[in-house]
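J.: Got a structure here, written out as structure tokens. Questions coming.
The values are calculated or read from the model by the stated rules, or taken from the named source; none is laboratory data. The structure presented is a predicted model; accordingly, all values stated were derived computationally and were not measured. Cβ placement follows ideal geometry from the backbone for every residue including glycine, while neighbour counts extend to all protein chains displayed.
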Amino acid sequence: MSEALCAIALLPLLAAILSAGGLGEWWWQSRGWVLLLETLAFAGVAGLTALLAGAALAGTRGPWLFLACIPLVLPASLVGSAWALLLGRAGPLGDWFSVFDWPVAAAVVGLRYAGLAGLLLLGQNASEGGRLASRVFVVRHAWWHLGVRARLKPWAIAWAVVTLWIAAEPILPSMFLVHTYATQMLVQYNALLDPAGAAALALPMILIGGVVLAFVVRSGAATVKYWRTSKREARARSRAVGVALCLVATGLPLTGVFLALPAWPTVVASMQGTTPELFNSVFLAVLVTPICVASGWCVASAWSRRARERTTTLAPWTLLTLVVPGPLLALGWLQAQAWWPDRAAVDGTFWLALAVVARLLPVAALVLWLDLRRHDAGDDAARLMVSSTAARWRRVTWPTHRRVLACTAALCFVLVIAELELSLLLAPPGRSTVSVRLYTLIHTAPDGQVAAAALAVLLLVLPVVAWLLVWLPRREA
Amino acid sequence: MRRTTELLLCVLTAVSFLGCAEGTGEERPVVVVYTALDRVYAEPILQRFEQETGIEVLPVYDAEAAKTTGLVNRIIARRDNPDCDVLWNNEVVQSQHLADLGLLAPYESPNAARIPAGFRDPQHLWTGFAARARVIIYNTNQLTPDSVPTSLDAFTNEQWRGQTTIALPYFGTTLTHMAVLRQRFGDDRWTAWLQDLLANDTLVAPGNGPVRDLVAAGEAAFGLTDTDDAHGAILDGKPVAVVLPNDGHGPVLIPNAVSLIANAPNADAGKQLIDFLLSAEVERALAASRSAQIPLGTDLADVVTPWDALLQRDTPGFDTEQAAADKEAVIETLRRVGFGR
């Protein structure tokens, strides 16, 4: 079952690779490789920023991590505009830091992904052994051995995944006048109308992604035990850093939204104008999120189990779909539509839902795997003690994993609402999503109308995500 | 537990598929239109068509992220199973490209006669209407109408180093503009201009909207954009104004283009929509909208636009077939020069 799910996720990517038919002219020239290195450098620095911020956020309790995910649901153009207002030439901090300078641009892009990095690290909670060690032993350089060295591997994995994700993001970097290899993929796909050529441009990045994933697969067998201090002052410090990061990464774009809001009647009218798309997006998110979590659980379970058994699985390779821009995958699904016999299904929401599930399955599987890979003998013993499957789920699995399940659901929900590239090609006529609506508004409508539409999205997303992330994990099972 | 999870997954998937599948037995006539014109302008017009004809319009709007070609790619990808009846493009080169691929059907609308021949395809595969012009937008806090340069050579002048901006020229109207400049300047002069442009640290923005925003924020003193982008900023009270670029060959007018898709499932309704879009009523509405589009119909000389002082409406169109044919060469030159890296 899990292998079939992985195959579905990999199907469009495979179609894209097969359609490429070679490296194409671009990669036989030095400029292509120079651009790729520049992309990796930019995404790497941005990924490092995201990782450091995410690490601080993962150590906090309460809503900070979910607040840091808000920039993911805001359109990239809106986030970029907010930063340009603050760090542009006319901005209050523009004289010291210009968002159009490379390192600042990388840091700002990284902050948008801080929540994602934090979620990736969330599964790495302190093991009991590590916590005990911190209390019993006075270890020289304990911070290095238990605090840093033990974290290197999961941090490296999270950094690599976020970096690859950022490298495939064409919109926000270009807002800060940084062009990446994804820009050239868009040129090949959108300007030359050459999907095969765009796939060819993606091949080296897929190869790099493959190498990274080989590392992830190898590390899958290892049990990571690392130490987290339980001291009150350290927790307070971590929370303070998390709050500060949230204020910067989320507060600034949100401030931009609120400052641009027009009079209340206009806000209401703008929100009403967005209602059909909001409904479509919510319908899609409600449909897709549980499927993503359920299938992600299936894949992540198989992934961790196979890693312990040292047998192979397709699961980690599904992450390859994250290193290519969405339109390529959408084209793969369009190809699949041509083979599908039921025209009614083709013209409905079916394909969009399927494509979004396939796109987010690796994300859900990864987040859940990071939790499941911590092989706990106590869990196994508890499972053996309970005979009924339902009772085992209710009394062992859910209490053990409820937090990461809620986080996965929240992340998937946010990403479905924010999803743009697949919706653009696969949404049936008359069923546009709110992300498409926002992107069309940004460059044409007055700022106030855009802000009102963004506020409508926030009002929709925040309560759901807050419920998933705050209330659900605290509920006693 | 695994079995339970898998069972749950199967149930959820089945329910989802049932929820997604839709019947096709609609009684009300429908027309599916792909429109690259910004939604805020297109939506009221499509709603008016619905009210007047009773035909339900199912629109697919383009997004800035995919530029104008997301829809064109979608049409190409679904060439064997089209779901689109009408393409309402906001420029003509990609429509010409679809025509060259045989994906458009000829239709001579009775309302097309009001559009000058230079903005229509001789084979009736597309018809232009309601144009935008390429303009230089400048920051009024930094420049005055007397000091703003109007020559495109100003973009390569050392005096303006790092103070000018253009959109990444691979997409939309900027790509069309580049193709037109190549026709007008000749390949050698145009290539040299591009090289000088980059050497002069011109800011390369991701689109014409960001060009407008960079100028309005004072990041650049002036840049190349479209009249509709500039007009929105002017209405919002931002410190910008426009002048027409003077390259010695007159202004570049880029019309909307409407086409009937080959093997359209609702061709009759599609033709009705095309007739409506080519009517004087629609051009008048687009001229009065925030985008302040320039009517091309010969019967709308009385309609006033903010651009009347800048340009003549009887400006000839450009060689669309040549522009479409040159597209790959233009993009190759842009890449060789180094745009987008």
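J.: Suppose the filter is modelled with pLDDT under 50 and within 30 Å of residue A:77 (Cα to Cα); does residue B:42 pass it? Let's see the steps before the verdict.
T.: Working: modelled with pLDDT under 50: no; within 30 Å of residue A:77 (Cα to Cα): yes.
Judged against the criteria, residue B:42 is not a match.
J.: Condition (residue is more than 30 Å from residue B:301 (Cβ to Cβ), touching a Phe, Trp or Tyr at 6+ places or on another chain (Cβ under 8 Å) and assigned by TED's automatic domain parsing to the domain that holds residue B:242) applied to the stretch B:181-192: is it met by at least one residue?
T.: The answer is yes; a qualifying residue exists.
J.: Would it be correct to say that residue B:188 is touching a helix residue (DSSP H, G or I) at 6+ places or on another chain (Cβ under 6 Å), surrounded by fewer than 18 Cβ atoms within 10 Å (Cβ to Cβ) and not in a loop (DSSP other than H, G, I, E, B)?
T.: Working: touching a helix residue (DSSP H, G or I) at 6+ places or on another chain (Cβ under 6 Å): no; surrounded by fewer than 18 Cβ atoms within 10 Å (Cβ to Cβ): yes; not in a loop (DSSP other than H, G, I, E, B): yes.
Answer is no for this residue.
J.: Now for a separate question. Here are some residues: A:60, A:39. Which one is assigned to a loop (DSSP other than H, G, I, E, B), surrounded by 19 or more Cβ atoms within 10 Å (Cβ to Cβ), at pLDDT 70 or above and in contact with a helix residue (DSSP H, G or I) (Cβ under 9 Å, 6 or more places away or on another chain)? Break it down stepwise before answering.
T.: Working: A:39 fails: assigned to a loop (DSSP other than H, G, I, E, B).
After applying the criteria, what remains is A:60.
J.: Quick one: would you say residue B:79 is assigned to a helix (DSSP H, G or I), within 12 Å of chain A (Cβ to nearest Cβ) and either crowded, with 23+ Cβ neighbours inside 10 Å or among the charged types (D, E, K, R) (or both)?
T.: Values: assigned to a helix (DSSP H, G or I): no; within 12 Å of chain A (Cβ to nearest Cβ): yes; either crowded, with 23+ Cβ neighbours inside 10 Å or among the charged types (D, E, K, R) (or both): yes.
Spelling it out, it is not the case that residue B:79 is assigned to a helix (DSSP H, G or I), within 12 Å of chain A (Cβ to nearest Cβ) and either crowded, with 23+ Cβ neighbours inside 10 Å or among the charged types (D, E, K, R) (or both).
J.: When residue B:132 is evaluated against the numbered criteria (1) modelled with pLDDT under 90; (2) within 14 Å of chain A (Cβ to nearest Cβ); (3) not in a loop (DSSP other than H, G, I, E, B), which criterion, by number, is the only one it fails?
T.: In the conditions (1) modelled with pLDDT under 90; (2) within 14 Å of chain A (Cβ to nearest Cβ); (3) not in a loop (DSSP other than H, G, I, E, B), residue B:132 misses (1) alone.
J.: Run down A:289, A:275 and say which single residue is assigned to a helix (DSSP H, G or I) and over 17 Å from residue A:422 (Cα atoms).
T.: Details: A:289 fails: over 17 Å from residue A:422 (Cα atoms).
It is A:275.
J.: Might you check whether a residue that is more than 14 Å from chain A (Cβ to nearest Cβ), farther than 18 Å from residue B:245 by Cβ, at pLDDT 90 or above and outside any loop (DSSP other than H, G, I, E, B) occurs anywhere in the stretch B:324-336?
T.: Going residue by residue through the stretch B:324-336, those that are more than 14 Å from chain A (Cβ to nearest Cβ) are none.
Looking through the stretch B:324-336, none of the residues is more than 14 Å from chain A (Cβ to nearest Cβ), farther than 18 Å from residue B:245 by Cβ, at pLDDT 90 or above and outside any loop (DSSP other than H, G, I, E, B).
J.: Further question on the same structure: Let me spell it out: the conditions are (1) within 14 Å of chain A (Cβ to nearest Cβ); (2) in contact with a Phe, Trp or Tyr (Cβ under 6 Å, 6 or more places away or on another chain); (3) within 14 Å of residue B:119 (Cβ to Cβ), and residue B:296 meets all of them except one. Which number is the exception?
T.: Failing condition for residue B:296: (1).
J.: Please count how many residues of the stretch A:269-316 are within 15 Å of residue A:363 (Cα to Cα) and without any contact (Cβ under 8 Å) to a residue 12 or more places away in the chain.
T.: The qualifying residues number 1.
J.: Scan the stretch A:450-464 and tell me whether some residue there is closer than 30 Å to residue B:208 by Cβ, over 19 Å from the mean Cα position of the chain (by Cα) and within 12 Å of chain B (Cβ to nearest Cβ).
T.: yes
J.: In addition: State yes or no: is residue B:311 within 27 Å of residue B:43 (Cβ to Cβ) and either modelled with pLDDT under 85 or not in a helix (DSSP H, G or I) (or both)? Can you show your working first?
T.: Numbers: within 27 Å of residue B:43 (Cβ to Cβ): no; either modelled with pLDDT under 85 or not in a helix (DSSP H, G or I) (or both): yes.
Against the criterion (within 27 Å of residue B:43 (Cβ to Cβ) and either modelled with pLDDT under 85 or not in a helix (DSSP H, G or I) (or both)), residue B:311 does not qualify.
J.: Could you list all residues from the stretch B:98-115 that are without any contact (Cβ under 8 Å) to a residue 60 or more places away in the chain and not hydrophobic (A, V, I, L, M, F, W, C)? Steps first, please.
T.: Of the residues in the stretch B:98-115, the ones without any contact (Cβ under 8 Å) to a residue 60 or more places away in the chain are B:101, B:108, B:113.
Of everything in the stretch B:98-115, just one residue is without any contact (Cβ under 8 Å) to a residue 60 or more places away in the chain and not hydrophobic (A, V, I, L, M, F, W, C), namely B:108.
J.: Sticking with this one: Mind checking which residues of the stretch B:35-48 are assigned to a helix (DSSP H, G or I), within 21 Å of the chain's Cα centre (by Cα) and not small (Gly, Ala, Ser)?
T.: Within the stretch B:35-48, the first condition is being assigned to a helix (DSSP H, G or I), and the residues that meet it are B:39-48.
Okay, now just the ones that are also within 21 Å of the chain's Cα centre (by Cα), so B:39-47.
Within the stretch B:35-48, B:39, B:40, B:41, B:43, B:44, B:45, B:46, B:47 meet the criteria.
J.: Of the residues that sit in the stretch A:391-422 and are within 12 Å of chain B (Cβ to nearest Cβ) and either farther than 27 Å from residue A:358 by Cα or part of a loop (DSSP other than H, G, I, E, B) (or both), which one is modelled with the highest pLDDT?
T.: Filtering first and then ranking leaves A:419.
J.: Sticking with this structure for a sec: Going by the conditions given, is residue A:236 within 18 Å of residue A:52 (Cα to Cα) and modelled with pLDDT under 75? Before the answer, list the steps.
T.: Values: within 18 Å of residue A:52 (Cα to Cα): yes; modelled with pLDDT under 75: yes.
Considered against the rule, which asks whether it is within 18 Å of residue A:52 (Cα to Cα) and modelled with pLDDT under 75, residue A:236 comes out as yes.
J.: Mind checking whether some residue in the stretch A:437-448 is modelled with pLDDT of 80 or more, within 12 Å of chain B (Cβ to nearest Cβ), touching a strand residue (DSSP E or B) at 6+ places or on another chain (Cβ under 9 Å) and assigned to a helix (DSSP H, G or I)? Outline the logic, then answer.
T.: The initial filter retains those residues of the stretch A:437-448 that are modelled with pLDDT of 80 or more, namely A:437.
From what's left, within 12 Å of chain B (Cβ to nearest Cβ): A:437.
Narrowing the set further to residues that are touching a strand residue (DSSP E or B) at 6+ places or on another chain (Cβ under 9 Å) leaves A:437.
This time we only want the ones that are assigned to a helix (DSSP H, G or I), so: A:437.
Scanning the stretch A:437-448 turns up at least one residue that is modelled with pLDDT of 80 or more, within 12 Å of chain B (Cβ to nearest Cβ), touching a strand residue (DSSP E or B) at 6+ places or on another chain (Cβ under 9 Å) and assigned to a helix (DSSP H, G or I).
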